[in-house]
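Everything below concerns the one structure shown next.
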Amino acid sequence: MFHIATDEEIRSGRIADVYFQRAVEVLRRKGIRKRVVAEVRATSLPSGWGWGVLAGVEELARLVEGLKASVFSMPEGTVFTPGEPVVSIEGEYTEFAVHETAILGLLCQASGVATRAARCRIAAGQRTLISFGARRMHPALSPMIERAAYLGGCEGVAVIKSAELIGIEPSGTMPHALVLVVGSAVEAFKMFHEVMPRGVPRICLVDTLCDEKFEAIAAAEALGDDLDAVRLDTPSSRRGDMLAILREVRWELDLRGHQRVKLFVSGSLDEQSILALNPLADGYGVGTAISNAPTINFALDIVEVEGKPFTKRGKPSGRKTVAVCPACGRRRVLPAAAVTTSTLPCDCGGRADVILRPLTRDGRIAAELPPPKAIRQRVLDQLATGRWAL
C-alpha cells in the first residue's frame with residue numbers, strides 16, 4: 001500500500017544498490033572468497049559541524065545478526081569526530097556486500113537527526129525540547145526519526161507510535177484546527193481543559209485568531225491556576241520580532257499574577273533561533289530542523305584484504321580503532337593491531353578507553369543494546385562536559 005520496504009526485504013538484501021549484487025555475482029562465479037575488513041567513517045560533517053552523534057546502531061545489529069561476519073561499533077549515542085571509524089566489519093566480502101546500502105542508510109540519517117537534536121539541546125540548555133517534525137518526513141520513518149531525536153537530547157516526541165517505541169508518553173499541545181473548528185479560542189481552551197485527563201499539560205495555543213498577548217491573557221483567565229503554558233507558533237507572515245512578542249506576552253501575564261505560566265515556542269526553529277529566544281522562552285517544539293537534518297555522509301570502505309592493509313586511494317589503509325580519554329577528552333585513531341587492551345595510557349596521566357567494541361561475533365549479537373533512555377543519558381553526559389560547541 002505504501003512505498004516502503006518490509007523488514008524481510010531489507011534483511012534479504014533487496015534494498016541494495018544493484019552494483020553490489022553484480023559484484024557478488026562476479027566474485028562467486030569466479031570462486032573468489034576473500035576475507036576483508038571494512039570501516040564506516042565520515043571524512044567531513046555537514047553544515048560545518050565539528051562533531052556528530054552516532055545513532056542507528058541497534059538497527060544495524062538487527063540487520064547483520066545471522067551474517068557470517070563480526071562487527072565492531074562505537075556504542076550508540078557516542079559523540080564522534082570526522083575521520084574516526086564508527087563501525088568496522090570483518091568477514092568474507094560476499095557475506096555482507098549487498099547490505100552496504102542498508103548499513104549506511106541506517107546510520108547516516110539517524111545520526112544526522114541525533115546530531116541536530118543534540119545541537120538544539122546544547123542551545124536550549126535546561127529548557128524543554130520536543131520533537132515536532134514527523135509531519136515533514138514519510139510516516140513510515142517517524143519512529144526512527146523521533147527515536148534519534150530523543151537520543152540526541154529531546155525529552156519528548158509528538159508521535160504516538162514513536163513514544164511507544166521509546167517508552168515514554170507522547171508530547172503535544174493543541175492544533176490550530178481545534179480553535180478553528182470550535183470557532184473561539186477561549187471556548188477551545190475550556191473544552192480542552194474539560195476533556196483532557198489531568199496528566200495532560202494545559203498548554204494553550206495563543207496565535208490562531210488574535211494578538212498573542214490577548215489570547216494568552218484569555219487563556220490565563222479561562223483556566224486560571226490550571227494553565228501550565230502558552231504556545232506561540234506565529235506564522236512568519238505575522239511574526240516580526242518573536243523575542244519582542246514573547247516579551248509582550250510575558251509582561252502581560254506577569255502583570256496579572258501568572259508568573260508561573262511558561263512560554264513555549266514552535267515554528268521554523270533551529271539551534272541558532274533557540275539561542276536568540278532563550279532570554280524569554282521556557283521550551284521549544286522543533287520540527288523540520290531536526291526531522292530533516294542533514295544526513296551524515298558516512299562511507300563504507302574496505303581497508304584490509306586477507307589480513308593485509310589495502311584500500312582505495314585517498315583512504316588510510318588498515319584496521320583502526322579509536323581511543324578517548326574521559327579525563328582530558330583527547331581522541332586518537334590508532335592501528336587496531338597495536339591495541340591489545342581496552343584502555344591505554346594518556347599523556348594527561350589518565351587512561352583512554354578504546355571505544356570500538358564488539359557488536360556481533362560471527363552473526364551473534366555480542367553487545368548490550370541499551371534502552372533509549374540509557375542511550376540518551378550517554379549523549380547528555382558527553383554534552384555536559386562542555387567539549388562540544390555549536
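The values are calculated or read from the model by the stated rules, or taken from the named source; none is laboratory data. In this text, all values refer to a predicted model and were calculated from it rather than measured experimentally. Note: ideal-geometry Cβ built from the backbone for every residue, glycine included; neighbour counts use all protein chains shown.
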Filter the range 314-348 for residues that are of a type in the set (Val, Ile, Thr) and in contact (Cβ under 8 Å) with a residue 40 or more places away in the chain; which is surrounded by the most Cβ atoms within 10 Å (Cβ to Cβ)? Val322
Could you look through the range 210-235, keep only residues that are assigned to a loop (DSSP other than H, G, I, E, B) and at pLDDT 95 or above, and pick out the one that is farthest from Tyr284 (Cα to Cα)? Leu227
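Only one of Ala289, Ala276, Ala293 is closer than 13 Å to Arg116 by Cβ, part of a helix (DSSP H, G or I) and under 24 Å from the mean Cα position of the chain (by Cα). Can you tell me which? Reasoning before the result, please.
On the way: Ala276 fails: closer than 13 Å to Arg116 by Cβ; Ala293 fails: part of a helix (DSSP H, G or I).
The unique qualifying residue is Ala289.
Restricted to the range 155-209, and to residues that are assigned to a loop (DSSP other than H, G, I, E, B) and among the aliphatic types (A, V, I, L, M), which residue is farthest from Ile130 (Cα to Cα)?
Just the residues of the range 155-209 that are assigned to a loop (DSSP other than H, G, I, E, B), to begin with: 155, 158-159, 167-175, 183-184, 196-202, 206-209.
Imposing the further condition that a residue be among the aliphatic types (A, V, I, L, M) reduces the set to 158-159, 168, 174, 196, 200, 206, 209.
Details: Ala158: 7, Val159: 11, Ile168: 12, Met174: 14, Met196: 20, Val200: 15, Val206: 18, Leu209: 24 Å.
The residue in question is Leu209.
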Taking the range 92-131 and keeping residues crowded, with 21+ Cβ neighbours inside 10 Å and either among the basic types (Lys, Arg) or in a strand (DSSP E or B) (or both) leaves Arg116, Arg119, Arg121, Leu129, Ile130, Ser131
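Checking the condition modelled with pLDDT under 95 and outside the structural domain of Ser268 (by TED's automatic domain parsing), which residue from Ala124, Ala134, Ala140 passes? Give the derivation first.
On the way: Ala124 fails: modelled with pLDDT under 95; Ala140 fails: modelled with pLDDT under 95.
Exactly one of Ala124, Ala134, Ala140 is modelled with pLDDT under 95 and outside the structural domain of Ser268 (by TED's automatic domain parsing), namely Ala134.
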Do the conditions hold for Ile89, that is, is it hydrophobic (A, V, I, L, M, F, W, C), without any contact (Cβ under 8 Å) to a residue 40 or more places away in the chain and either loosely packed, with under 13 Cβ neighbours inside 10 Å or closer than 24 Å to Arg357 by Cβ (or both)? no
Selection from the range 349-390 of residues that are surrounded by fewer than 19 Cβ atoms within 10 Å (Cβ to Cβ) and among the small types (Gly, Ala, Ser): Gly349, Gly350, Gly363, Ala366, Ala367, Ala374, Ala384, Gly386, Ala389
Out of the range 135-145, which residues are in contact (Cβ under 8 Å) with a residue 24 or more places away in the chain and either among the polar types (S, T, N, Q) or buried (at least 23 other Cβ atoms within 10 Å of the Cβ) (or both)? Ile145
Spans of strands (runs of 3 or more DSSP E) in the range 305-377 with at least 2 residues in contact with a Leu (Cβ under 6 Å, 6 or more places away or on another chain): 320-324
